[in-house]
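Visitor: Before anything else, here's the structure in question.
Please treat every number below as a calculation from the coordinates, not as lab data. Keep in mind that what you see is a predicted model, and the values were worked out from it rather than measured. Ideal geometry is used to build each Cβ from the backbone, glycine not excepted, and the neighbour counts take in all protein chains shown.
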Amino acid sequence: MADFHFRKSSSVAQQGKRAADLQAQLDALQYENNKLKTINQVLMQRVEMGWGNHSDAYRSFQNAALLAEKVKQGTLKLRQTMHKLDQANTALARARLESDDARQQLGDTMESVADAIALFDRQRRLVLANARFYEFWKNTDARIEAGVTSLDDITSLAVAHRIFDPAINSIETVEHSAGLLNDRIFQLTNGHWLRMSERRTADEGLVVVYSDITQLKESDIAHQQHTLAENNRALQSIVDNLSQGVALVNAEQQIECWNDRFLEIVGLDAHDVKPGTGFRALVKDTEVHNDGAGLPSMTAGARPTVIEHEKQLCNATVLEIKSHFIAAGGYVNTYTDITERSRNAEALRDSERRIRSITNALPALVSYINSDRRYEFTNKAFEDWFDRLHTEIEGEYLWDVFGLEEYQRHQSYIEQAMQGQVVSFEVEQQLPNNKRPIFHKTYVPHYDAEERVIGFFALEQDVSERRRTAEALKHAYQHMEQRVYERTKELTALNQQLHVEIAERAQVEENLLDAKREAEQANISKTRFMAAASHDLLQPLNAARLFATALLDHDLPANIEQLGRSLSRSLHDVEWLLGTLVDISKLEAGVVEPISDTFVIDDLLSNLANEFNQQAASTGLQFKYVPCSGLVYSDSQLLARILRNFLSNAIRYTDHGTLLLGCRRRADSVEIQVWDTGVGVAASQLQEIFQEFRRVGTRRKGKDSGLGLGLAIVDKLSRVLGHQVTVSSWPGKGSVFGVRVPYGNQASNQQQISEQINAPQQDPLPGRRILVIDNDEAICVGMETVLSGWGCQVISVRTLRELIENPNALQPAPDLVIADYHLDDGDTGLQAVDLINQRMPHKIPMLIITANYTNELRQQVKDLGYRLLNKPVKPLKLRSAMVHFLS
């Protein structure tokens with residue numbers, strides 16, 4: 001509409017100019033015509049007055065005629081011009097009328113728009129504005145006049161009359177669209193928000209539209225505040241669920257956000273902490289921050305992105321405190337409990353110190369190089385030869401330590417070692433410190449659990465003096481004929497000295513080889529232990545024991561039965577080895593904690609008697625057991641482990657005769673003793689047998705002599721339990737091993753003792769319905785085979801889902817449930833037990849089988865009233881437990 005108005009105004013102006021030009025032409029023609037008329041009149045008068053008497057009268061008449069013709073033509077042109085002038089005046093009047101109509105329509109249109117609109121000409125003077133524009137000025141004395149007030153004047157007046165205040169205004173410039181000169185959003189002093197849009201017209205004029213967007217702006221601000229609040233709630237929820245303590249401190253050193261873990265670690269009360277509280281004043285008296293750790297300075301200047309501290313508290317807890325700086329100011333403190341990690345790191349450092357102290361005592365150079373040809377370990381002798389600390393060598397490549405030329409000379413030997421070969425050679429080596437010793441080197445490959453070479457050990461001995469002596473001796477022999485007389489005594493003495501030195505160096509080499517063999521044996525022992533402790537190895541071993549037992553329950557040919565018994569003995573040996581290694585590792589790590597209780601000692605000893613009676617019989621030994629009804633206070637499982645080691649050693653070192661298991665009552669304890677008629681131990685060696693990897697005596701009757709860990713475990717377990725171990729032995733006659741266990745509470749267990757004495761002795765297994773829950777199919781099949789051989793009705797399931805969906809699992813109700821603790825998808829046997837108890841009208845006896853050796857799980861199962869058996873499960877022990885539950 002504004003463009004239409006300005007186009008109309010331009011047309012009217014052009015028509016007015018044209019009419020003015022025509023009027024000027026008309027005035028000129030009228031003047032010329034009047035002039036010609038006057039001349040014509042004068043000429044006519046002269047003719048009438050006598051010009052005809054003169055000779056030039058005709059010529060004057062002729063001129064008058066020509067002049068009259070010109071007057072006629074001028075008059076015609078004058079009339080045409082007057083006609084055009086009338087047409088122009090008519091068009092001008094019509095254009096003025098249309099312009100007035102257009103201006104009226106433009107004004108009506110501007111008034112109908114809800115926004116304030118103002119039109120400016122090319123000089124940016126106000127031409128037209130609607131009433132909403134003038135409402136901005138209704139409470140002011142500002143004079144806004146069309147054709148006078150400019151756009152700059154309006155801005156100045158708005159500031160002067162406090163309609164718009166630049167000091168408090170926040171102007172947002174919006175991205176220009178097509179045709180827009182400027183598009184801005186600003187706030188008036190009355191709180192309203194305006195959007196001012198400027199658009200250029202065709203004649204270089206300007207249209208300015210002021211839109212009130214207060215509601216839209218308030219809605220947008222409210223939405224932003226809501227989004228910010230939601231984000232704050234989500235952030236607080238995330239922080240609350242972190243295992244770390246978290247505290248957000250702003251640039252003014254005031255706490256703004258924290259979680260409960262922060263309060264717990266620092267030791268603050270939730271009522272004392274509020275947003276805006278000064279952080280330093282809040283935590284200055286706490287143990288965590290009493291030394292200023294985790295309270296970084298907020299002064300300007302270069303500083304790291306993260307500052308870390310470690311703090312050990314009075315309760316031995318080790319915290320890692322990290323301060324993460326925020327770009328906008330302030331920082332975030334995180335508090336992490338790294339106690340376990342710190343203990344493990346300290347244990348590793350202790351282990352490294354022990355190994356380093358041993359290798360540093362050796363005169364030879366000892367080092368270890370990984371598969372990347374980097375040094376991971378060097379001893380003191382290596383440092384001395386290369387004049388570098390081990391911290392400067394470890395992590396370096398071989399060629400950086402040796403030099404490229406020396407590395408290339410050694411490369412073929414290195415490649416042989418990395419291919420699994422033991423390499424020995426002598427080489428004269430140029431060291432970086434200009435020394436040129438002659439080394440006798442041995443490279444021994446190092447294998448991982450999958451028999452892959454992951455590095456090699458390097459043993460290097462300086463034989464420079466020996467080689468030089470040998471060279472000197474060779475030279476002396478070449479000239480011996482000339483100097484035999486005068487040098488005989490000298491050469492003889494030198495030869496003797498050389499032989500002594502060679503013998504000494506041979507002994508040193510032998511000691512080094514022994515140390516290497518012991519290191520390799522220790523590494524193999526560690527590897528076996530780590531493999532044996534895994535759940536994946538215990539699962540198939542457990543299944544194998546079940547299948548072997550089920551096989552022996554059938555009537556088999558003699559040769560097949562012998563094979564089955566050999567298989568069972570082999571599995572028993574593997575089980576014993578696994579149990580031994582697991583026990584020794586747990587005891588060394590200090591994670592074994594006894595759970596003591598009062599129990600009838602006969603419950604434990606009778607089970608052991610049943611277990612070892614058959615083992616003794618299979619080796620031709622007689623086994624005797626003297627029952628005891630006394631009560632003792634101890635951890636039954638750890639005590640059973642001690643007695644099993646006594647009995648296993650007695651069978652291993654006894655060729656013929658008798659084994660006796662019984663008790664002797666002492667004043668303050670019951671001494672449980674194991675007697676044998678074996679090889680015996682000399683009195684001077686009685687203390688050695690309790691050391692690790694010490695075996696006294698020879699291998700007996702083809703029996704495995706073990707690893708020498710059984711009595712070492714006994715010694716460690718007795719210390720954990722606080723029980724005294726006794727031993728007496730007579731070489732060639734036998735030995736007696738005992739452990740003294742304190743008495744239990746007689747009154748609280750009188751009824752239990754009576755019930756056990758009067759319990760009927762009969763086989764309760766035939767006909768009983770047994771439910772087996774295990775995620776290993778081989779275990780389920782083995783259980784079904786063994787239990788069916790004992791006369792039980794067996795049904796097995798592998799998952800909780802199958803337990804729920806199988807209608808035969810709980811109908812009819814089972815007499816006993818045997819469940820593996822670790823099932824698929826993170827489920828456990830205890831969850832299966834809870835599910836069964838919810839569906840049964842009465843509580844059903846439960847046996848939980850697991851490879852988890854933790855005391856926490858054992859105590860949890862005991863508190864629930866169930867029985868726990870560790871893998872691999874011995875069939876006799878399983879049967880004994882089932883008989884105990886079902887009797």
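Visitor: Sort 77-87, 492-502, 374-384 by packing, meaning the average of other beta carbons within 10 Å per residue, with the highest value first.
Guide: 374-384, 77-87, 492-502
Visitor: So if each residue of separation counts as 0.36 nm, and I subtract the Cα-Cα distance between Ser357 and Arg719, what length gain in nm does that give?
Guide: 127.5 nm
Visitor: Separate question: Just list whichever of Lys716/Lys871; Lys37/Lys84; Lys624/Lys733; Lys37/Lys72; Lys35/Lys84; Lys35/Lys70 have alpha carbons separated by over 19 Å in the model shown.
Guide: Checking Cα-Cα distances, Lys716/Lys871; Lys37/Lys84; Lys35/Lys84 exceed 19 Å.
Visitor: Ok, one more. Sequence-distant or interchain residues sharing an amide H contact under 5 Å with Tyr625, placed H: which?
Guide: Long-range HN contacts for Tyr625: Leu661.
Visitor: Which whole number in µm²/s is D for the range 266-356 by Stokes-Einstein, with the Kirkwood Rh taken over Cα pairs at 20 °C and 1.002 mPa s?
Guide: D = 140 µm²/s.
Visitor: So, one more: Listed highest first by mean packing, meaning other Cβ atoms within 10 Å per residue, what order do 287-294, 878-885 come in?
Guide: Result, highest mean Cβ count within 10 Å first: 878-885, 287-294.
Visitor: What distance in nm separates the simple spin-label points at Asp86 and Ala328, each placed 7 Å from Cα in the Cβ direction?
Guide: With each label point 7 Å from Cα toward Cβ, the separation is 8.2 nm.
Visitor: Between the range 70-125 and the range 776-801, how far is it from one alpha carbon centroid to the other, in angstrom?
Guide: Using only Cα atoms, the two centres lie 110 Å from each other.
Visitor: What's the ranking of 108-118, 139-149 by average number of surrounding C-beta atoms within 10 Å, highest first?
Guide: Going from most to least packed, we get 108-118, 139-149.
Visitor: Report ³J(HN,Hα) in whole Hz for each residue of the range 768-781, in order, from the Karplus equation J = 6.51 cos²θ - 1.76 cosθ + 1.60 where θ = phi - 60°; Gly and Pro get x.
Guide: Going residue by residue, I get 7, 9, 10, 9, 10, 10, 7, 7, 9, 5, 5, 5, 4, 5 Hz, with x marking Gly and Pro.
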